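I have placed the structure first, in the form of structure tokens, so that the comments after it can refer back to it.
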Amino acid sequence: MRITVSSRAEKELKKIHKIDQIAIVKKVRSLTVQLHKEKLTGYKDIFRVRAGQYRIVYRERKDEIYIILIGHHKDIYLLLTQLFK
């Protein structure tokens, strides 16, 4: 399974401290074998996963995981609503 990261998610990831970046990247890599998925309420086919105080919002397709956003838990949902207006 292939993992694709959006340019916006990549930009947000670069703003995060290095130690948290490492934890987030490990969590993203584990998405390919993760069995438990948390669907994001109010959105079709969009999931989230926790990485410490950060959230990874992604869409899963047949052979690809597309990372939509990465951000702090207090900001991520506001960013998501702005993105999907």
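Throughout, read-outs are computed from the coordinates displayed, never taken from laboratory work. These numbers were taken from a predicted model, which means no experiment stands behind them. Glycine gets a Cβ as well: all are built from the backbone with ideal geometry, and neighbour counts include every protein chain shown.
For the chain, what relative contact order do you get, as a whole percent, if you take Cα pairs closer than 8 Å and at least 6 residues apart?
33 percent
With a Cα-only, solvent-free Debye model of region 2-83, what are the log10 I(q)/I(0) values at q = 0.12, 0.18 Å⁻¹?
-0.30, -0.69
How much FRET efficiency would the formula 1/(1 + (r/R0)^6) give for residue 19 and residue 75, where r is the Cβ-Cβ distance and R0 is 25 Å, rounded to 0.05? If you can, show how the numbers build up before the last one.
Working: r = 19 Å, r/R0 = 0.76.
Approximately 0.85, to the nearest 0.05.
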